[in-house]
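For reference, the structure is listed below as structure tokens.
The values are calculated or read from the model by the stated rules, or taken from the named source; none is laboratory data. These numbers come from a predicted model, not from an experiment. Using ideal geometry, Cβ is built from the backbone for each residue, glycine included, and neighbour counts are taken over all protein chains shown.
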Amino acid sequence: MGELLACRKLSEIVDGLTRLLNDSLRQSEEDYRSLKLGDAEIDHIFRLADALWLHGGDPRKPHALLTSGKHSDGFVDVLRALKYTPICDLMGALLMQKVTEHHHKINWVVGSDHAGAVLSYSVALHLAAKHDFTEKGPDKAQVWKRFSILPDESVLQVEELITTTGTLQAVREGIRQAHPYPINFAPVVATLIHRSDQYEFQGSPIIYLRHLDIKTWEADKCPLCAQGSVAIRPKENWALLTD
């Protein structure tokens, strides 16, 4: 029953925010740019979508074991929120606003395979830009296969989550390797959730809708382990982690 009520509440919030966005699109450019979501509002949407978990400090509760082997006191499963298409559309529109504050000419929006694909498409849609995403290759490579980007076209990179700049680098390298001439990357990169200590990528600012100060530690230096908390894989044990 609790899950059903949460879903209904999420649907009502998404519908309301979408109506607000659509109303703003019909208003002046100044009013449109005034549409914002605060950190608390974004967190609320992500929690209702069952996409955000932060450790409350109780050592009896487990914490996150990351793919890297490090331990963490929080985890964001962004695709759990973006699977709701109105949320994805809304976040793409809000991120588009951030982008146009910094740079206006965008011909292509690109994301990574596959988590960055849906959000980058939403941003491209609101920018009326072309869109595609790289495909996974060996050894964490990202490969650009299907289209050619012209030398004078501006390319914006969009990711749903940035913890390091490794994926940004792999996508950029994949696009460069597929073209015999330099690619004109936009002077910004964009993400929905920023949980990194890096705020620039190759000299360009990383713009975001939400920064989360989630801590990570090497396994042998984890203070939560020292307090008796057990580390578990978040995606495989989401219900246990968020209980």
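The residue of the stretch 85-102 that is surrounded by the most Cβ atoms within 10 Å (Cβ to Cβ), among those that are within 14 Å of residue 42 (Cβ to Cβ) and free of Cβ contacts under 8 Å to residues at least 60 places away in the same chain, is 92. Within the stretch 199-217, being of a type in the set (A, V, I, L, M, F, W, C), out of contact with any His (no Cβ under 8 Å at 6 or more places or on another chain) and either in a loop (DSSP other than H, G, I, E, B) or within 13 Å of residue 102 (Cα to Cα) (or both) holds for one residue alone: 214. Considering 105, 145, 130, the condition of being without any contact (Cβ under 8 Å) to a residue 24 or more places away in the chain and in contact with a strand residue (DSSP E or B) (Cβ under 9 Å, 6 or more places away or on another chain) is satisfied by 130 alone. Candidates are the residues of the stretch 121-150 that are among the β-branched types (Val, Ile, Thr) and in a loop (DSSP other than H, G, I, E, B); the one that is farthest from residue 107 (Cα to Cα) is 134.
Out of curiosity, is residue 109 under 19 Å from the mean Cα position of the chain (by Cα), closer than 26 Å to residue 154 by Cα, part of a strand (DSSP E or B) and modelled with pLDDT of 95 or more?
Values: under 19 Å from the mean Cα position of the chain (by Cα): yes; closer than 26 Å to residue 154 by Cα: yes; part of a strand (DSSP E or B): yes; modelled with pLDDT of 95 or more: yes.
Spelling it out, residue 109 is indeed under 19 Å from the mean Cα position of the chain (by Cα), closer than 26 Å to residue 154 by Cα, part of a strand (DSSP E or B) and modelled with pLDDT of 95 or more.
Scanning the stretch 168-193 for residues that are touching a Lys or Arg at 6+ places or on another chain (Cβ under 9 Å), under 22 Å from residue 68 (Cα atoms) and surrounded by fewer than 23 Cβ atoms within 10 Å (Cβ to Cβ) returns a single hit, 170. The residues listed here are 167, 191; of these, the one that is in a helix (DSSP H, G or I), hydroxyl-bearing (Ser, Thr, Tyr) and within 23 Å of residue 121 (Cα to Cα) is 167. Filtering the stretch 30-84 to residues that are surrounded by fewer than 12 Cβ atoms within 10 Å (Cβ to Cβ), at pLDDT 90 or above and not in a helix (DSSP H, G or I) leaves 38, 56, 57, 58, 60, 69. In the set (1) among the hydroxyl-bearing types (Ser, Thr, Tyr); (2) at pLDDT 95 or above; (3) part of a loop (DSSP other than H, G, I, E, B), the condition left unmet by residue 196 is number (2).
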